[in-house]
1. Restricting the stretch 124-141 to residues that are in a helix (DSSP H, G or I) and either free of Cβ contacts under 8 Å to residues at least 12 places away in the same chain or charged (D, E, K, R) (or both), which is farthest from LEU226 (Cα to Cα)?
2. Against the definition (within 27 Å of ALA200 (Cα to Cα) and in contact with a His (Cβ under 8 Å, 6 or more places away or on another chain)), how does LEU161 come out, yes or no?
3. Provide a single number: the residues in the stretch 86-138 that are closer than 29 Å to GLU193 by Cβ, more than 17 Å from the chain's Cα centre (by Cα) and either buried (at least 20 other Cβ atoms within 10 Å of the Cβ) or of a type in the set (Asp, Glu) (or both).
4. Output the residues belonging to the stretch 51-93 that are under 21 Å from GLN238 (Cα atoms), hydrophobic (A, V, I, L, M, F, W, C) and in contact with a strand residue (DSSP E or B) (Cβ under 6 Å, 6 or more places away or on another chain).
5. Any residue that is surrounded by fewer than 24 Cβ atoms within 10 Å (Cβ to Cβ), at pLDDT 90 or above, of a type in the set (Asp, Glu) and not in a helix (DSSP H, G or I) - is there at least one of those in the stretch 32-40?
6. Write out, first by first residue and then by second, each pair whose Cβ atoms fall under 7 Å of each other, whose residues are 6+ apart or on separate chains, and whose first residue, in the stretch 71-83, is under 14 Å from GLU182 (Cβ atoms) while the second is modelled with pLDDT under 95 and part of a helix (DSSP H, G or I).
7. Sort out for me the helices (runs of 4 or more DSSP H) sitting completely within the stretch 142-248 that have 2 or more residues that are surrounded by 23 or more Cβ atoms within 10 Å (Cβ to Cβ), on the phi < 0 side of the Ramachandran plot and hydrophobic (A, V, I, L, M, F, W, C).
Amino acid sequence: MASTIVLLHGFTQTRQSWRRTVQALPPRYRALVPDLPGHGQSAGRTASFDAVTAYVRALAPDDRFTLVGYSLGGRVALHAALALAPQVERLVLVGASPGIADPAERAARRAADAALADRIEAIGVAAFAAEWGTQPLFAGQPPLVRAAANADRLRNSAHGLAAALRGLGTGTMSPLWERLPELTLPVTLLAGERDEKFRAIARRMAERLPDATVRVVPGTGHAAQLEAPAAVAAAIYQSGSASSSDSA
């Protein structure tokens with residue numbers, strides 16, 4: 001019987017961003033890859049964490065499944081894993097964070113996200129996609145990866161991305177640092193070799209999670225699944241074979 005995996009993409013991406021990772025998974029896996037609210041074909045869906053958790057619950061099979069999330073999708077996956085336990089048997093997070101713990105910092109980020117949402121609607125998705133791809137977070141991406149990522153962003157609408165930022169942004173979400181010990185399931189934390197910020201976050205998360213593995217994906221930045229889809233796929237299915245609390 002096939003093992004089911006639900007994969008959640010990041011902000012400005014669509015379900016297509018997981019295509020090469022899914023292709024690299026062994027045949028014994030059945031992948032469910034939705035467009036998150038505000039993105040792709042789900043641009044009109046309500047963008048809130050409660051709505052997204054309900055969406056994952058409706059999408060998920062009746063039996064247990066593995067939940068994978070990148071960046072924004074990782075934050076959503078953390079909320080969903082807490083809400084849907086014990087249905088979620090494993091959690092794999094790529095370049096993800098449980099949120100911003102400091103209230104003042106979170107409020108500042110919420111204001112910045114709101115301003116950015118206004119800007120997206122003002123300049124349109126094409127101009128915003130070009131700006132977004134030049135962030136230091138994505139520095140070092142190979143040209144073909146950069147071009148594919150930009151093409152994926154253009155599958156979105158300005159209104160949908162603005163709504164996602166307002167409803168699902170880091171400043172809006174409730175931080176989950178204090179709830180990480182509740183996640184007793186195996187958790188694999190992936191971060192790109194060039195992604196110093198999220199490598200540090202992964203290690204901080206691992207200190208609070210009861211059963212966590214930190215894996216660094218060589219030669220990649222923040223969006224490791226775009227630069228090394230086969231390596232990310234291998235980490236997903238290897239995490240299903242054994243779990244460990246050792247960092248790699």
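The values are calculated or read from the model by the stated rules, or taken from the named source; none is laboratory data. Just so we're clear, the structure is a prediction, and the values are computed from it rather than from any experiment. Glycine also receives a Cβ, built like all others from the backbone with ideal geometry; neighbour counts cover every protein chain displayed.
1. So the first thing to find is which residues in the stretch 124-141 are in a helix (DSSP H, G or I), and the list is 125-132, 136-138.
Filter once more, keeping what is either free of Cβ contacts under 8 Å to residues at least 12 places away in the same chain or charged (D, E, K, R) (or both): 127, 131, 136.
Working: ALA127: 22, GLU131: 18, PRO136: 16 Å.
Checked the stretch 124-141; the qualifying residue farthest from LEU226 (Cα to Cα) is ALA127.
2. Working: within 27 Å of ALA200 (Cα to Cα): no; in contact with a His (Cβ under 8 Å, 6 or more places away or on another chain): yes.
No: the conditions fail for LEU161.
3. Taking the stretch 86-138 as the starting set, the residues that turn out to be closer than 29 Å to GLU193 by Cβ are 88-102, 105-106, 109, 112-113, 116, 128-138.
Remaining after also requiring more than 17 Å from the chain's Cα centre (by Cα): 89, 101-102, 105-106, 109, 112-113, 116, 128-131, 134-136.
Subset that is either buried (at least 20 other Cβ atoms within 10 Å of the Cβ) or of a type in the set (Asp, Glu) (or both): 89, 102, 105, 113, 128-129, 131.
Looking only at that region, the number is 7.
4. Scanning the stretch 51-93 gives PHE65, LEU67, VAL68, ALA77, ALA81, VAL88, LEU91, VAL92, LEU93.
5. Checking the stretch 32-40: at least one residue is surrounded by fewer than 24 Cβ atoms within 10 Å (Cβ to Cβ), at pLDDT 90 or above, of a type in the set (Asp, Glu) and not in a helix (DSSP H, G or I).
6. So the pair list comes out as HIS79/PHE49; HIS79/THR53; ALA80/THR53; ALA80/VAL56; ALA83/THR53.
7. Values: elements: 143-153, 158-168, 196-208, 224-227, 229-239.
Per the criteria, 158-168, 196-208, 224-227, 229-239.
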